[in-house]
Amino acid sequence: MVSFLLSFFALILGYLVYGAFVDRVFSPDDRKTPAVAKADGVDYIALPTWKVFMIQFLNIAGTGPIFGAIMGAWYGPAAYFWIVLGCIFAGAMHDYFSGMLSVRYGGANLPELIGMFLGKTTKAVMLFFSVFLLAMVGVVFVYSPALLLESMAKLGLVWWIVIIFAYYIFATLLPIDKIIGRFYPVFAFSLLFMAAALFVVLLVKWPAIPEVWDHLQDANLNQPAEILGTVPYISKNPLFPCLFLTIACGAISGFHATQSPLMARCLKSERLGRPIFYGSMITEGLVALIWASVSTYFFYNGGWREVVAPEVVNEFMAQWKGDAPKSLIQFFTAPNVVQLVCSGWLGVFGGILAVLGVVAAPITSGDTAFRSARLIIASALGMEQKSYSKRLAISLPLFGAALLLLLWQIENPDGFNTIWQYFGWGNQTLAVFTLWAITVYLVQNKKPFIISLVPALFMTAVCSTFIFVSPNAMNMNNFIGYGLGCACLVLALVWFFAWYRKTMDTIRN
């Protein structure tokens, strides 16, 4: 618990100190924001600051800081390091600049921003890549809530999926202040309240969970007792690079850069950028930290036995013919852990919060993902979005493609974990391009580019190494895979300094 509390206060200190530094680097001013200069009553609408914060938090969060942190807890206390350092120095800075650059450049979406700083070819690649990622987000964030809803009301999984997608279409087409502006702050409050309640329970119980220094001394803590048994997740997915993809939304996430322009179009002043963009990411890091600690207690030393009734586990395992450890792995999926912990620790009220956390939160992220995709495609096609028919013309093919991906996930028994990993890789690859675009912006404007260069290089190494070593990708020998990952890092560094030298010569001349 000491490691948890130190990490918690480190995130708050990061917002107060490093967040203020990042804000000074960008230097917001009093120019008109897109919400005022380009108000259209649909996507460009000035909203109250507290609503913008809540919507931004919910948009970037969803179940990411919950599911990712739960799965990241399988790696032990190392998850704390990534959540804290990643959130302060990479994720929050990434979200701040992606949001503020959108504000500064008329509400530009992510592919447009990347095109400004990395060129037209990269813009074209990012246009396809970001739309595909956003569709994948919708798929990831529809399957788990549909499963939970089916367990509560036996309507049929397919029907729940149809209902959720129908809502997606409805919410994506309406002006942003009709549903998102009215109801999403309530869902965001529920998500925060659930995290706060679990934080209080952690303080009251003060569970004996592994500390960071214990992890450094005892490698056996990498094997969560009684849960993973002989088929540990981490045996197939090594800490580097997989931890940095598994915990994405709680540390750094390229998906956030697609969402920040939505709220950049609703911001009344540039000076609100730090609490809205940097602050919402730090808040998400706090939520991820809480769930990482709860999950560590749940997974290690039999903590789950204090939360889950034995008959619940026995009833589940009776449905499986495999051995007990394998059944437990399939039982303790991220959605189940949320429901079990909230119900076990917070009672009936906790069960309601779990429904909001596992149903409402991902659904709200899913529909804003499709909304972002609609706006990105519309911008690329030069198609106005004031009329419903134009919005529908883009949305229907988008939802059709997402449904096909969802059908594959349903047919694949391990579809959720597979899509989550590919989503994690695509998500972090998008963050890589965003970080390099931010770096180019900082260089061109003679600002301290080191703040984005270091995260850009690190995430480049993470994403490239994953492709080489992951069993779900090339599955290379570790020596070769890690060597190629290092080679990609060196190439990125050589490219940057060659470009930097050329750019500085141009500026001086």
Within the range 75-82, is even one residue surrounded by fewer than 19 Cβ atoms within 10 Å (Cβ to Cβ), free of Cβ contacts under 8 Å to residues at least 60 places away in the same chain and either out of contact with any Leu (no Cβ under 6 Å at 6 or more places or on another chain) or assigned to a helix (DSSP H, G or I) (or both)? no
Asp40 versus (1) more than 27 Å from Ala292 (Cα to Cα); (2) out of contact with any helix residue (DSSP H, G or I) (no Cβ under 9 Å at 6 or more places or on another chain); (3) open to solvent by 50 Å² or more (accessible area, probe 1.4 Å); (4) not aromatic (Phe, Trp, Tyr): which is the lone unmet condition? (3)
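Taking the options Ser102, Ser3, Ser98, name whichever one is among the small types (Gly, Ala, Ser) and surrounded by fewer than 24 Cβ atoms within 10 Å (Cβ to Cβ).
Selected residue: Ser3, the only one of Ser102, Ser3, Ser98 that is among the small types (Gly, Ala, Ser) and surrounded by fewer than 24 Cβ atoms within 10 Å (Cβ to Cβ).
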Being open to solvent by less than 10 Å² (accessible area, probe 1.4 Å) and either among the aromatic types (Phe, Trp, Tyr) or not in a helix (DSSP H, G or I) (or both) narrows it down to one of Phe67, Phe53, so name that one. Phe67
In the range 468-491, residue least open to solvent (accessible area, probe 1.4 Å) [restricted to those that are in contact with a helix residue (DSSP H, G or I) (Cβ under 7 Å, 6 or more places away or on another chain), in a helix (DSSP H, G or I) and at pLDDT below 90]: Val469
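The values are calculated or read from the model by the stated rules, or taken from the named source; none is laboratory data. This is a predicted model, so every value here is computed, not measured. Neighbour counts are summed over all protein chains in view; Cβ atoms, including those assigned to glycine, are modelled from backbone coordinates with ideal geometry. Side chains are part of the model used for accessible areas, which takes the heavy atoms of the whole protein and leaves out ligands, DNA and RNA. Shrake-Rupley method; radii C 1.70, N 1.55, O 1.52, S 1.80 Å.
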